[in-house]
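Participant: First the structure, then my questions, so here it is.
The values are calculated or read from the model by the stated rules, or taken from the named source; none is laboratory data. Because the structure is predicted, anything quoted here is derived from the model rather than measured. Here the Cβ positions follow ideal geometry from the backbone for every residue, glycine too, while neighbour counts run over all protein chains shown.
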């Protein structure tokens with residue numbers, strides 16, 4: 001399955017235009033409407049897997065909808081807070097996997 005960025009890039013042939021279209025789509029969501037994992041990944045310029053890792057590590061605020069593991073959703077304000085915090089102190093998800 002193509003990400004929104006890949007889909008727009010294929011349509012426009014221009015990665016800058018595709019990035020602008022994705023950002024416009026995410027920012028056009030009404031305040032209070034939750035973002036999906038894919039939309040959060042596009043907004044943060046990371047992979048969906050990185051978003052799942054950030055959730056698992058407790059680094060990014062999210063909520064689950066539904067039974068069991070549920071569907072993960074994000075408020076844009078929480079993503080903005082995460083970005084601001086990450087600029088001050090970069091997030092390190094991978095050092096736990098390194099051998100000493």
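Participant: Taking only the range 16-37 into account, find how many residues are at pLDDT 75 or above, surrounded by fewer than 15 Cβ atoms within 10 Å (Cβ to Cβ) and under 16 Å from residue 80 (Cβ atoms).
Facilitator: The qualifying residues number 1.
Participant: Which count do you get for residues in the range 43-63 that are in a loop (DSSP other than H, G, I, E, B) and free of Cβ contacts under 8 Å to residues at least 24 places away in the same chain? Give the steps one after another, and end with the answer.
Facilitator: Initially, the range 43-63 is screened for residues in a loop (DSSP other than H, G, I, E, B), giving 45-47, 57-62.
Adding the requirement that they be free of Cβ contacts under 8 Å to residues at least 24 places away in the same chain leaves 45-47, 58, 60-62.
Residues that pass the stated criteria total 7.
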